[in-house]
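> This is the structure I want to talk about, given as structure tokens.
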Number of protein chains: 2
Amino acid sequence: MGTTQLETVQEPKYWHLKTVLAEALDTDFTVGEILPNERDLAARFGVARATLRQALEQLELEGRLQRRRGVGTTVAPPRVGVDVTTSRQDWPGTGHDAWQAAECTVAVPSAAVARLLDTEADEEVHTVRRLRVNHGQPVAAELLYVPSSSVPDLPAIEAPSGPALARSVLRELQRLDLEGQDRAVELGSAGAVDARELDRLPGAPVLVVTTRYFSEGRTAAVSVATYRADTCRLTFGDTGDVEISHEGQQRRAS
Amino acid sequence: MGTTQLETVQEPKYWHLKTVLAEALDTDFTVGEILPNERDLAARFGVARATLRQALEQLELEGRLQRRRGVGTTVAPPRVGVDVTTSRQDWPGTGHDAWQAAECTVAVPSAAVARLLDTEADEEVHTVRRLRVNHGQPVAAELLYVPSSSVPDLPAIEAPSGPALARSVLRELQRLDLEGQDRAVELGSAGAVDARELDRLPGAPVLVVTTRYFSEGRTAAVSVATYRADTCRLTFGDTGDVEISHEGQQRRAS
DNA sequence: GAGTGGTCTAGACCACGTC
DNA sequence: ACGTGGTCTAGACCACTCC
């Protein structure tokens, strides 16, 4: 029978470490509790700090840990379900949703957004910046692009800037009737600006939700929202308050 | 006026590197082209290999690079849009979709899944494993959980195992009428099994799509699908063939 | 066997939050 | 000032692919 394939197929240390830590988190720690610092943990497990950090990074990616420079590593609460559906006939900003602190400028969007909007490459559009807050924590930063043609009745004279303009744009938008929207979700990493607003470091993983709003047979607006991937679970429907634990991410062969 | 805040706010090396590389990718490389190896690149930029790797990891996370051990680093094609909507009245497995190679066992699901299914903690359910293939590449691995009560007419005698059973379960499922579904998307990391099927290393970032299928006022099935986060953009609607480039991920202050 | 990316080490220094 | 996590280095060895 030649060599017996040991089950010890050379599992990387950091992977094993991650598993051990994950179990420890379930049994010995409570949400919010702070872990020993990285140097101590590394020593305790007999590995280099870099190796330990690789395990911690994974756990943070999976939303189980939260690390803050100068503070420490804490056990993260379960991800919050964030509803990403705008009940079919609602423009963004309608009703009681948790978007706030709008800002607005007029600028030329990136080529990618211009393509989605179907505008000229150098055409300026209204660009509304908003922050979505949940339980007091920022969960998403959004950039909403609105071509002038979608809001023709905007008071052109003495265009207010900043929050006032933002509100005007949103108000005008809501006068159009929304015929539909489509959405895409992909993984990205936070740019410097988003990172600051989301209280994360640049490069932090985010879920980028791109939405096109259709009205009168054309694309009336495009929204690019970046959600904190560590703390958010995007929901489409009414799963928002259902608890989905971490177990689903690690499975064994059947 | 005190100190003038230099714009050189101590941007990390790997971050700057990433930016430089990203530009190089846009201008000097074509999709599929292989980059110089990591040792050469590191030397060329005058940084340690670990630092270079940090930059490459980011770019891979953003879907711009593809790295394979023993082979090299290549420029990745744009992410493929993968439609995640099952046209409202379709059970999974219906029609011409790209799922294949079904496998099926009977097992006790994780506590999290049992909760979603609303079954007893130790109740066995049919567990169908499928792979979703797109353009010849595996893009997602799914585990579909179906309580026996959802498929009462399954031929109990001499239960076929494997693919045959899987097909039977799916066929029976499709006889129920689907009343609705809800979906959640979150970031996860691939377990050992999923990683192998998706042709990635364990720990690779994945988008976990959890779907509940409702029929006759109850949860008839639950699907947990893990999509390769590096190569996929999940679409909800008909954005599938629209090109969304990488520019949307990096933005500057307005 | 040669060459690639993946893992790991043992250090150093920096940026940040807190006291 | 101190302790934390974040960045960076210069090596070493391993696992994998391809020839």
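> For the stretch A:37-68, name all the residues that are of a type in the set (Gly, Ala, Ser) and either under 14 Å from A:Trp15 (Cα atoms) or out of contact with any Asp or Glu (no Cβ under 9 Å at 6 or more places or on another chain) (or both).
Answer for the stretch A:37-68, where residues must be of a type in the set (Gly, Ala, Ser) and either under 14 Å from A:Trp15 (Cα atoms) or out of contact with any Asp or Glu (no Cβ under 9 Å at 6 or more places or on another chain) (or both): A:Ala42, A:Ala43, A:Gly46, A:Ala48, A:Ala50, A:Ala55.
> Consider B:Leu56 against the criteria (1) over 17 Å from B:Ala24 (Cβ atoms); (2) in contact with a Ser or Thr (Cβ under 7 Å, 6 or more places away or on another chain): it satisfies all of them except one. Which criterion is unmet?
(1)
> Please specify each residue of the stretch B:48-74 satisfying the condition of being more than 9 Å from DNA strand D (Cβ to nearest atom), within 10 Å of chain A (Cβ to nearest Cβ) and without any contact (Cβ under 8 Å) to a residue 60 or more places away in the chain.
Once the filter is applied, which keeps residues that are more than 9 Å from DNA strand D (Cβ to nearest atom), within 10 Å of chain A (Cβ to nearest Cβ) and without any contact (Cβ under 8 Å) to a residue 60 or more places away in the chain, the stretch B:48-74 yields B:Glu57, B:Gln58, B:Leu59.
> Does at least one position in the stretch A:180-200 carry a residue that is farther than 21 Å from A:Thr231 by Cα and open to solvent by 10 Å² or more (accessible area, probe 1.4 Å)?
Yes, that holds for at least one residue.
> Which fully enclosed strands (runs of 3 or more DSSP E) of the stretch A:30-83 have 1 or more residues being of a type in the set (Lys, Arg) and surrounded by 16 or more Cβ atoms within 10 Å (Cβ to Cβ)?
Correct list: A:65-68.
> Are there any helices (runs of 4 or more DSSP H) wholly within the stretch A:110-209 with 2 or more residues that are facing another protein chain (nearest Cβ under 8 Å), and if so which?
In the stretch A:110-209, the matching helices (runs of 4 or more DSSP H) lie at A:111-117, A:192-197.
> Here's a follow-up. Just checking, which of A:Ser223, A:Ser215 is out of contact with any strand residue (DSSP E or B) (no Cβ under 6 Å at 6 or more places or on another chain) and more than 10 Å from chain B (Cβ to nearest Cβ)?
Exactly one residue qualifies, and that residue is A:Ser215.
> Name the single residue that is modelled with the lowest pLDDT among those in the stretch B:122-148 being over 22 Å from B:Ala184 (Cα atoms) and of a type in the set (Gly, Ala, Ser).
Taking the candidates together, the pick is B:Gly136.
The values are calculated or read from the model by the stated rules, or taken from the named source; none is laboratory data. Note that the coordinates shown come from a computational prediction; the quantities given were computed from them, not determined experimentally. Virtual Cβ from ideal backbone geometry, glycine too; neighbours counted across all protein chains shown. Heavy atoms of the whole protein, side chains included, go into the accessibility calculation; ligands, DNA and RNA do not. Shrake-Rupley method; radii C 1.70, N 1.55, O 1.52, S 1.80 Å.
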